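Beneath this line is the structure, given in structure tokens, with notes to follow.
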Amino acid sequence: MINIAIDGPAGAGKSTLAKAVAKELAIHYLDTGAMYRAAAYAALKSGVDIGDEAAVARMLGSVDLKTVYAEGEQQMVLDGVNVMPYIRTPEISTAASDISALPCVRHKLVEMQREVARQYDVVLDGRDIGTFVLPDAPYKFFVTADAAERARRRHAELRAKGIDKEYNDVLDEMLQRDANDSSRTLAPLKKAEDAILIDTTHMDLDAVLKAVISILRQG
Ligand code: DC
């Protein structure tokens, strides 16, 4: 199976890039952030305190959380419902970052991610794909950009969805989430030593996509 790892902080453009690479190569795309978001959604919905790992573990054991592909598109299905439309709010972003620090959550979701990688040719985007989930992946990229530029993109994205938030609040939350994701003990956000670094601060998607595809085609 061809596995391509694309890691990086929030707002660096990794999911847009990963989706475009998957489309170009006609292979699957796995948004691993959506899996942590779906777990956070499940916790908030059932009123479980994310600080209480035993309660989160019990909750995870009692729900049916699956990744499925419908017409090639990833869905996160929680007890029979596709929750993809509900997990991209600022509240879920923060909760996902918090819940992703819990070992019981990471163990379960990393296993699901490895299973998808065993089954399909797939581009995975996340924080720890190259370092922890698939350390032997043949292709690894670490995509980043200046925090101000990442916040500007996220602010525009939220506005387009009708979520009105001050730019400074978006920037603060993003820095907080970066710090949270980089400082956790288990599989923190980190560039794998053998990953190719791409700084997208001054690049548009087309330029980044061309660079990545050309590296992949060189094999
Ligand atoms: O990529 P995203 O913003 O949708 O991810 C949401 C949160 O999930 C992120 O703040 C940290 C966590 N996450 C993770 O810990 N490991 C991954 N592979 C992907 C996401």
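Laid out as a table, the results:
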| item | result |
| --- | --- |
| Relative contact order computed over the chain (Cα-Cα under 8 Å; 6+ residues apart), in percent | 33 |
| Candidate residues 169, 7: accessible-area rank, largest first, probe 1.4 Å | 169, 7 |
| Span-rule helices in the chain, defined as complete DSSP H runs reaching 18 Å or more along the axis (Cα) with Kyte mean at least -0.5 | 32-45, 205-218 |
| DSSP bridge pairs, the chain: antiparallel proportion in percent, nearest 5 | 30 |
| Solvent exposure ordering (accessible area, 1.4 Å, most first) of 136, 204, 178, 128 | 136, 204, 178, 128 |
| Mean accessible surface per residue for the chain, computed with a 1.4 Å probe while every protein chain stays in place, in Å² | 49 |
| Solvent-free Debye scattering, log10 I(q)/I(0), computed from the Cα coordinates of the stretch 27-83 at q = 0.31 Å⁻¹ | -1.31 |
| Calculated FRET value between residue 161 and residue 24, using beta carbons and R₀ = 25 Å, to 0.05 | 0.45 |
| Nearest-10 value in Å² for the accessible area of residue 62, using the 1.4 Å probe | 90 |
| Centre separation in Å (Cα based) which lies between the stretch 39-64 and the stretch 92-128 | 16 |
| Helical contribution to [θ] at 222 nm, DSSP H n ≥ 4, -39,500 (n - 2.57), averaged over the chain, rounded to 500 | -16000 deg cm²/dmol |
| Tail fraction, Cα-Cα pairs, the stretch 170-219, threshold 12 Å, whole percent | 74 |
| Share of carbon and sulfur in the accessible heavy-atom surface of the chain [1.4 Å probe, %] | 51 |
| The stretch 150-219: relative contact order in percent, alpha carbon pairs under 8 Å with at least 6 residues between | 19 |
| Derived scalar couplings ³J(HN,Hα) [the stretch 127-132; Karplus, 6.51 cos²θ - 1.76 cosθ + 1.60; whole Hz; x for Gly, Pro] | 10, 10, 5, x, 8, 10 |
| Placed amide H near residue 198: partners under 5 Å, 5+ positions off or other chain | 142, 143, 144 |
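The values are calculated or read from the model by the stated rules, or taken from the named source; none is laboratory data. Remember, predicted model here, so these are calculated numbers, not experimental data. Cβ: placed from backbone, ideal geometry, glycine included. Neighbour counts: every protein chain shown. These area figures cover heavy atoms from the full protein model, side chains too; ligands, DNA and RNA do not enter into them. Shrake-Rupley method; radii C 1.70, N 1.55, O 1.52, S 1.80 Å.
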